[in-house]
Amino acid sequence: MKLQTKFGAERPNATYQQVLEQKKSDKITALYCRLSNEEAQRSESISIENQRRILLKFCEDNGFTNTRVFADDGETGVFFDRPALNEMLAEIRAGNVSTVIIKDQSRIGREVIEIGLLKRTFDEHNVRFMSAEDGLDTAKGFDIMSLLRDVFNEWFVADTSKKIRAVQRRKGLAGEPLSYPPYGYKKAPDNPKHWIIDESASKVVKKIFQWCMEGLGVSHIANRLREEQVEIPTVHAINNGLLNNSSGRVFDPYDWNVNSIAKILGRREYTGCLINFKTFTKSYKNRKKMQSDPADYAVFENAHEAIITVEVFDQVQQIRNSGKRRRNSSGRVSILSGLVHCADCKSKMYLSNGACLKSEQDNYTCSGFRTKKKCCDSAHFIRRVVLEKAVLLRIQQLTAFLSEHEECLVEKLELQDNDKFARNLADDKKTLAKAEKRIKELDSIIQQLYEDKVSGTLNAERFVKLSEGYEQEQNDLQAKVKSLQKKFTEQVQSRMNVDMFLNRVRKYTNITELSTVMLNELVERVEVHARTERYTKGTQQIDIVFNYVGNIDGIQAKSAEIG
């Protein structure tokens with residue numbers, strides 16, 4: 001039988017006994033609402049408040065009482081771990097719910113398998129499941145249209161996800177930022193697609209890079225920021241209106257951690273470039289972000305104002321990749337840590353500076369020899385004070401030579417680099433011009449051969465033989481041109497490297513002691529050779545490989561006295 005409401009509308013086709021049981025029961029009529037962030041931006045008609053109003057009117061018209069609303073605002077329908085849904089399921093499993101009503105089937109979710117599992121849970125606990133607008137009512141039995149609507153709802157999400165990915169791809173390739181500005185930047189008020197410098201935060205970023213240049217590790221940097229009571233990036237963004245703390249979560253404002261510092265030190269965006277597609281998700285069903293291959297990045301140089309120079313950024317990456325400076329029981333850390341290598345097996349040399357040793361007894365030994373992982377027949381033992389003194393002397397000799405004989409040093413460095421390239425630049429240029437001219441001639445010849453073949457002047461067999469020979473010659477010339485152009489590019493870069501190195505050296509005239517910043521700017525590695533005579537006082541060769549220019553011969557002494 002069908003029952004009439006007080007407005008004259010027919011109630012859903014439930015039995016009279018079910019209706020009586022519903023009225024007698026004091027169980028909850030659960031009204032479930034859900035709205036994702038994307039849906040909220042598209043339309044107000046499915047807002048949480050509107051869903052609540054529709055469901056309450058439906059209950060009033062159809063005699064459902066003891067209603068309770070469970071609302072998930074800002075939750076996607078693809079995933080089913082939602083606060084309000086979980087709360088409702090807990091009530092169902094406790095036997096406190098008689099009926100679940102939704103506005104339409106997409107509100108409960110958009111994933112067919114998960115919805116099927118939910119319906120099974122409803123059946124196991126004798127819960128009636130209804131939709132106010134789709135006509136779904138499990139009291140009526142199986143509904144094939146209900147299943148089709150679930151399939152369509154999932155297809156809609158998959159199709160929407162595909163379109164969003166395509167739009168994001170186009171935006172990313174066009175140079176639009178796909179992520180929020182990193183700490184130190186903010187969106188421009190007049191153009192949210194452009195990043196501008198956040199003055200207060202950028203000063204902190206510069207400090208972090210400078211401290212790293214001075215030899216501080218991420219733990220020490222985090223400790224300093226805590227001591228200076230610098231706000232963490234999240235708190236800074238909230239306090240400056242850059243982030244909305246809708247959850248009301250309370251943060252420790254100065255709780256800097258090593259991961260935050262490491263992330264800042266590794267962000268190339270601080271050099272002024274924009275990098276898109278650094279992460280990706282496999283599908284709309286999996287929220288986990290995966291790291292992209294760097295080859296898939298879309299990099300746009302000079303997209304915004306730089307906070308850190310490329311030079312400083314590269315130095316910091318070199319420092320962080322060179323190895324950690326760990327304190328042991330003695331509490332001493334060598335200023336050369338991470339830079340010292342064995343000249344023979346190229347292994348790193350480890351510093352021994354335990355509490356039982358005096359400071360002047362600290363020494364370096366080859367890790368390849370100690371661990372037997374590499375075939376090195378000597379420990380290459382050298383005391384720390386001797387090595388630091390030798391390195392300081394080499395740099396002092398270099399700066400003195402530069403101040404007195406700059407032109408000579410420049411010539412020496414350029415000649416040293418030119419050994420890697422062609423000896424005669426003029427001949428290479430003539431060869432390049434000749435090859436490019438011949439390539440154009442061959443294009444004309446091959447075109448003429450093709451026309452002769454078409455006209456019948458040249459038979460097919462002869463055409464193939466001649467064209468193959470000319471095409472092979474052309475391919476060889478193109479490879480040669482490419483090689484010469486690469487060589488010229490390397491020569492230009494070499495000149496730039498020499499200039500950059502000399503600019504750095506000029507900063508350190510009249511030095512009296514080593515500093516971490518100076519070593520990081522000038523030195524790539526220090527290579528220690530074996531002693532000339534074992535177990536005796538003598539000499540030990542030390543090579544310094546400088547950044548940009550490598551080892552410079554004929555300026556500094558080649559050996560250090562071993563005491």
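Residues in the stretch 420-472 that are within 45 Å of the chain's Cα centre (by Cα), charged (D, E, K, R), at pLDDT 80 or above and surrounded by 12 or more Cβ atoms within 10 Å (Cβ to Cβ): 436, 471.
The single residue among 481, 492, 523 that is surrounded by 12 or more Cβ atoms within 10 Å (Cβ to Cβ), modelled with pLDDT under 85 and not charged (D, E, K, R) turns out to be 481. Report whether or not residue 142 is assigned by TED's automatic domain parsing to the domain that holds residue 55, part of a loop (DSSP other than H, G, I, E, B), aromatic (Phe, Trp, Tyr) and over 14 Å from residue 55 (Cα atoms). Yes; evaluated as a whole, the condition is true for this residue.
Filtering the stretch 42-70 to residues that are among the charged types (D, E, K, R) and not in a loop (DSSP other than H, G, I, E, B) leaves 42, 49, 52, 53, 57, 60, 61, 68.
Screening residue 187 against (1) surrounded by fewer than 18 Cβ atoms within 10 Å (Cβ to Cβ); (2) over 21 Å from the mean Cα position of the chain (by Cα) leaves a single unmet condition, (2). Determine, yes or no, whether residue 303 is modelled with pLDDT of 90 or more, more than 14 Å from the chain's Cα centre (by Cα) and of a type in the set (Gly, Ala, Ser). Considered against the rule, which asks whether it is modelled with pLDDT of 90 or more, more than 14 Å from the chain's Cα centre (by Cα) and of a type in the set (Gly, Ala, Ser), residue 303 comes out as yes. Look at residue 307 and say whether it is outside any helix (DSSP H, G or I), among the β-branched types (Val, Ile, Thr), under 25 Å from residue 517 (Cα atoms) and in contact (Cβ under 8 Å) with a residue 12 or more places away in the chain. Answer is yes for this residue. Of all residues in the stretch 207-248, those that are surrounded by 15 or more Cβ atoms within 10 Å (Cβ to Cβ), outside any helix (DSSP H, G or I) and without any contact (Cβ under 8 Å) to a residue 40 or more places away in the chain total 4. Look at the stretch 534-563: where a residue is assigned to a loop (DSSP other than H, G, I, E, B) and a partner is at pLDDT below 70 and surrounded by 15 or more Cβ atoms within 10 Å (Cβ to Cβ), sitting 6+ places away or on another chain with Cβ atoms under 8 Å, you get 537/562; 538/562; 549/416; 549/417; 552/416; 553/416. When every residue of the stretch 372-383 is checked against the conditions, none turns out to be surrounded by fewer than 18 Cβ atoms within 10 Å (Cβ to Cβ) and in a helix (DSSP H, G or I).
The values are calculated or read from the model by the stated rules, or taken from the named source; none is laboratory data. Predicted model, so just to flag it, every value in this text is computed and none were measured. Positions of Cβ are backbone-derived with ideal geometry, glycine not excepted, and every protein chain shown enters the neighbour counts.
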